[in-house]
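The values are calculated or read from the model by the stated rules, or taken from the named source; none is laboratory data. Nothing here was measured: the structure is a model prediction, and the numbers come from that model. Cβ sites come from the backbone with ideal geometry, for glycine too, and all protein chains shown count toward neighbours. Accessible surface areas use protein heavy atoms only, side chains included; no ligands, DNA or RNA. Shrake-Rupley method; radii C 1.70, N 1.55, O 1.52, S 1.80 Å.
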Amino acid sequence: EADIYQTPRYLVIGTGKKITLECSQTMGHDKMYWYQQDPGMELHLIHYSYGVNSTEKGDLSSESTVSRIRTEHFPLTLESARPSHTSQYLCASSGTGTGVGNTIYFGEGSWLTVV
Amino acid sequence: DAKTTQPPSMDCAEGRAANLPCNHSTISGNEYVYWYRQIHSQGPQYIIHGLKNNETNEMASLIITEDRKSSTLILPHATLRDTAVYYCIVRGPYNNAGNMLTFGGGTRLMVKP
């Protein structure tokens, strides 16, 4: 089983609030990712990181931002939440190398509802 | 990454083997086949992956055809807890920008008592 943790699991916040979704992994993985998934829909990559101080935007445009100050930590922040940000956010990580080392492991997800 | 084609849904009787097919006719020589599943409201769970040879672990078996254009995930004795959406993904060997995990629609497996 993967050791990747997300908090909070469920959150309801008001429009305009700032929110940070936390993600931590204890596997020493260099690569970390954030995906967004609306109910019943496909997962879309919104951010990824190759290592400390590295962040890139994914395929799906997102108003969120990320940081990678420590290897094990990859938080996602929304400066001013809107109802359109209501979704499930999934954090993932992977190691180096090919085959097994290339496998991406996911956290349990954070369900965000903006009212 | 190569595209994959999976049936949108399948049913399976509890205790029977569930065979989930996946077509990936444009797969290239160094691309792996990965399978994940997602149980409602949870994060995707890694199941198994392979390159050329058939693979087996405690969760499932993966059968890849000799030409590598299709594969089958086998859950040998499906239980109700195996009800989930199953994703077949092909991707290159390295974790770089060109080999990101891209999820399609998957197969919704319903295990029935």
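A few comments on the model shown:
- For the residues B:Lys52, A:Lys31, a 1.4 Å probe over the protein chains yields an accessible-area ranking, largest first, of B:Lys52, A:Lys31.
- Rounded percent of accessible protein surface that carbon and sulfur make up, the protein assembly as shown, 1.4 Å probe: 51 percent
- A cut-off of 5 Å between modelled amide H atoms, ignoring neighbours fewer than 5 places along the same chain, links A:Thr103 with A:Gly95.
- Euclidean distance of C-alpha centroids, the range B:32-61 and the range B:1-23, integer Å: 12 Å
- Take every pair of alpha-carbon atoms less than 8 Å apart whose residues are at least six positions apart; their mean separation over the length of chain A yields a relative contact order of 36 percent.
- Rolling a 1.4 angstrom probe over the protein heavy atoms with all chains in place gives chain B an accessible area of 49 Å² per residue.
- Å² per residue, accessible surface of chain A at 1.4 Å: 47 Å²
- Karplus-derived 3J(HN,Hα), 6.51/-1.76/1.60, for each residue of the range B:32-37, Hz, glycine and proline x: 8, 9, 10, 10, 10, 9
- For the range B:1-106: relative contact order, % (alpha-carbon pairs under 8 angstrom, 6 or more apart): 35 percent
- Phi to ³J(HN,Hα) by Karplus 6.51 cos²θ - 1.76 cosθ + 1.60 over the range B:46-61, Hz, x for Gly, Pro: 5, 10, 6, 8, x, 10, 10, 7, 5, 10, 9, 9, 5, 9, 6, 10
- Of B:Lys69/B:Lys112; A:Lys31/A:Lys57; A:Lys31/B:Lys69, pairs whose Cα-Cα distance is over 19 Å: B:Lys69/B:Lys112; A:Lys31/B:Lys69
- Averaged over the residues of peptide A:28-37, the number of Cβ atoms from other protein chains lying within 10 Å of each residue's Cβ is 2.
- Size of the B/A contact, given as accessible area buried on both chains, probe 1.4 Å, in Å²: 2000 Å²
- Take each residue of peptide A:102-115, count the partner chain Cβ atoms within 10 Å of its Cβ, and average: the result is 4.
- Principal axis dimensions, largest first and in whole angstrom, of chain A by Cα: 42, 30, 24
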